[in-house]
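Remarks on the structure that follows.
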Amino acid sequence: MTTQSFTVNPFEMNCYIYWDDDSKEGVIIDPGAYEDFEKDEITKYIKDNGISIKLILNTHGHIDHILGNDWAMKTFNVPLLMHKDDSPLIDNALEQGAMFQIQFPKPPSPDKFIDESDEIKFAGTTLKILHTPGHSPGSVSFVDEKEKVIFGGDTVFLGSIGRTDLWMGDINLLLDSINNKIFKYEDDYIIYPGHMEETSVGEEKVHNPFLNGEFGKYV
Ligand SMILES: [Zn+2]
């Protein structure tokens, strides 16, 4: 499997193309492309590598993660999946945009809502879905247990955690999601986050001050 990230839009959000080198099938995780050159760059990568995009996945419904949903759905003509608890964020996306002075057309509704009882399958790959709320109510993480990778959205970052001061954020839920779901995986699982560079479960368990007890009130 190959993981290619594109850091896009004014929020510097990581859009991922996760694809199988043999079958060339893949998914787009959080198509937050905003400018045309960002959309062109992602489209070119997909085309140059002969990738057949099967699904579009949203880790959550904040605007920086969904800005390119409309473009991706029209370009690749495949279903968009997200957790139902973030559908209010799709509904109020234009207000979210106004808060940050970003204008964009009303985003399309997801084709399917997913939760932990679902699995995402493409090529020979299975992605498990973890419901990891706290940053937003419907935040999910996608886990490939064969490859030991976690696409965590805005739950845990290199040395930091997702903010919880936005709509229905909840710090206790977030810490619970990280400690009891993401940290249940072994130390060598790679975490691909929604912002900043990749990290690992072991790295964050040991060095993340929000999670290792250094900032006492957070544990
Ligand atoms: Zn977010």
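A short reminder: the numbers here are calculations on the coordinates, not readings from a lab. Treat the numbers as computed from the prediction; the structure is a model and nothing was measured. Cβ coordinates were reconstructed from backbone atoms using ideal geometry, including for glycine residues, and neighbour counts include every protein chain displayed.
Details
- Additional length obtainable on full extension of the chain from residue 1 to residue 52, 0.36 nm per residue less Cα span: 17.0 nm
- For the stretch 2-218, the relative contact order comes to 15 percent (Cα pairs under 8 Å, sequence separation of at least 6).
- Over the stretch 156-219, relative contact order from alpha-carbon pairs under 8 Å, at least 6 apart, %: 35 percent
- Listed by chain and number, the lysines whose alpha-carbon sits under 16 Å from that of residue 39, ignoring those within fewer than 8 places in the same chain, are 47, 74.
- Spherically averaged projected area in nm², based on the convex hull that wraps the Cα atoms of the chain: 10.9 nm²
- Each residue, residue 87 and residue 119, gets one label point 7 Å from its Cα in the Cβ direction; the gap between the two is 2.6 nm.
- Within the chain, DSSP assigns beta bridges of which about 70% are antiparallel (rounded to the nearest 5).
- Most to least packed among 142-149, 27-34 [average Cβ atoms within 10 Å]: 27-34, 142-149
- A full extension of the chain between residue 166 and residue 203 corresponds to an added length of 10.7 nm, given 0.36 nm per residue minus the alpha carbon distance.
- Span from the the stretch 111-126 Cα centroid across to the the stretch 1-61 one, whole angstrom: 17 Å
- Proximal lysines relative to residue 128, as straight alpha-carbon distance under 24 Å, when same-chain residues fewer than 8 apart are discounted: 24, 54, 84, 112, 146, 148, 181, 184, 205
- For 5, 141, order by how many other beta-carbon atoms lie within 10 Å, fewest first: 5, 141
- Descending by average beta-carbon neighbour count within 10 Å, the peptides 64-71, 162-169, 101-108 line up as 64-71, 162-169, 101-108, the highest first.
- Residue 98 paired with residue 41, simple spin-label distance in nm, labels 7 Å along Cα-to-beta-carbon: 3.1 nm
- Once the Cα-Cα distance is subtracted from the 0.36 nm per residue extended length, the residue 70 to residue 126 segment shows a gain of 17.6 nm.
- Shape call, the stretch 31-132: gyration tensor on alpha carbons, a/c limit 1.5: oblate
- Residues 87, 117, 109 arranged by fewest to most Cβ contacts within 10 Å: 117, 109, 87
- Among residues other than residue 212 with Cβ under 9 Å from its Cβ, the summed charge is -1 (Lys and Arg +1, Asp and Glu -1).
- Within straight-line cross-link reach of residue 121, aspartates and glutamates at Cα separation under 18 Å, skipping those fewer than 8 residues along the same chain: 20, 21, 22, 25, 30, 111, 144, 145, 147
- Separation between Cα centres of the stretch 194-210 and the stretch 141-184, rounded to whole Å: 10 Å
- In plain terms, the residue of 13, 196 with the fewest other Cβ atoms within 10 Å comes first and the most crowded comes last, giving 196, 13.
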